[in-house]
Structures are given as C-alpha cells and as structure tokens.
Amino acid sequence: MKNILVFAGSNSKASINKQLAVFAASLIKDVKLNIVDLNDFNLPLYGVDLENEKGIPKEVNLFLEHIKASDGIIISLAEHNGAYSSAFKNLFDWLSRAEQKNWYNKPMLLMATSPGARGGQSVLEIAKDRFPRHDANIVATFSLPSFFNNFSDKGIQDNALNKALNQAVETFKNNI
C-alpha cells in the first residue's frame, strides 16, 4: 500500500490549507495517509550560529524520515504576505541544511488556498520555482481561491474548481 505524506505549510490550528490537503488526500483510495502537523515539530528559528553551536535539531531529521518513508507528498502552502508562512519557511530552511535535496524526488501535489481571490498563487509560484532545486517532483498543482466561499465540509462547491482538483489528484495518484 502506498504511503502519502500530507501536511500544510502552516502552523495554524485551524489551517485552511491543512483542510484542503486532507480533503485532497481523502480522494485517493487504497493508500495510507500520514497526516502531519508543523506544530508537532518544535524548531528554533534557523540561524547559522545556532546550527554551528547545536547542530541540526532531531525534529528536522524526524520530518525528513516522514518524507523518505512516503511514496508521494501532498502539501498545501499558506501564503503570508505573498510568500511562505514563517513556520514553513523555518522548517524548509532547517530541512535544506540537513539535506539539500530534501524532497527526494517524491511525486508531489503542490497546492495553496487563501481567503482571497488569488488563492495563494504567489506562494505557489515561489514553491514551483524553488522546490525542484531541492529535488521536488511536482506532478500537479492546484490553487483554491476564496476558501470560505468555495469550500465546506462537503468539499469544493464550485464545479470547475472541484473538477480541477480532481484532475490534479488523479495526476498525482497516477505518479505515485
């Protein structure tokens, strides 16, 4: 059975990006979902002096183990001021210090959502450019605009957006 790592690039306990990532993952049958929360990885703010003094925190290696053990990754990135959330950026900085090629060429469904009409497209573009330099194999992307208007406990309400998500999930599934 395939193992899918699912997480949001957010440390919000009510993360809309986690809701989207978990929903997208639930559309894939006969896989094991490993849903992780950035709050479970207590990391100090990255700094070269701290790394030189104390080394790589064990939580970074634990997160890398989740990536290594997966057959694919579903991530939905929160967008803060047009870029990664500080919680995700800090994790990503630590990951890249432990392993420069930290995505291990795992098939990835890369997503973003936000309350606004652009749906996190700015952070999605940043990640689409940056992640492949760290050995990401982005096989599909999806942006959900206006989260609170387009998403409910039943999923995506807009037919065109729902179809686009299902196509992205299907592409991802066919690559794991």
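The values are calculated or read from the model by the stated rules, or taken from the named source; none is laboratory data. The structure presented is a predicted model; accordingly, all values stated were derived computationally and were not measured. Ideal geometry is used to build each Cβ from the backbone, glycine not excepted, and the neighbour counts take in all protein chains shown.
Observations on the structure shown:
- Of all residues making up region 88-141, the number that are free of Cβ contacts under 8 Å to residues at least 60 places away in the same chain, touching a Leu at 6+ places or on another chain (Cβ under 6 Å) and in a strand (DSSP E or B): 3
- Verdict on K54 being farther than 18 Å from P145 by Cα and either loosely packed, with under 15 Cβ neighbours inside 10 Å or among the basic types (K, R) (or both): yes
- Single residue of L50, L62, L43 found to be touching a helix residue (DSSP H, G or I) at 6+ places or on another chain (Cβ under 8 Å) and modelled with pLDDT of 95 or more: L43
- Residue that is farthest from S85 (Cα to Cα), among those in region 9-66 that are more than 19 Å from the chain's Cα centre (by Cα) and small (G, A, S): G55
- Among residues of region 5-32 that are more than 21 Å from E65 (Cβ to Cβ) and assigned to a helix (DSSP H, G or I), those with a beta-carbon under 7 Å from a residue that is polar (S, T, N, Q) and modelled with pLDDT of 95 or more at least six positions away or on a different chain give the pairs I16/T113; N17/S10; N17/S76; N17/T113; L20/S76; L20/T113.
- Region 54-76 residues that are within 16 Å of K2 (Cα to Cα) and assigned to a helix (DSSP H, G or I), paired with ones that are among the hydrophobic types (A, V, I, L, M, F, W, C) and at pLDDT 95 or above (beta carbon under 7 Å, 6 or more apart): H66/L5; H66/V36; I67/L5; I67/I73; I67/W103
- Under the condition of being in a loop (DSSP other than H, G, I, E, B) and either surrounded by 13 or more Cβ atoms within 10 Å (Cβ to Cβ) or of a type in the set (K, R) (or both), the residues counted in region 39-51 number 3.
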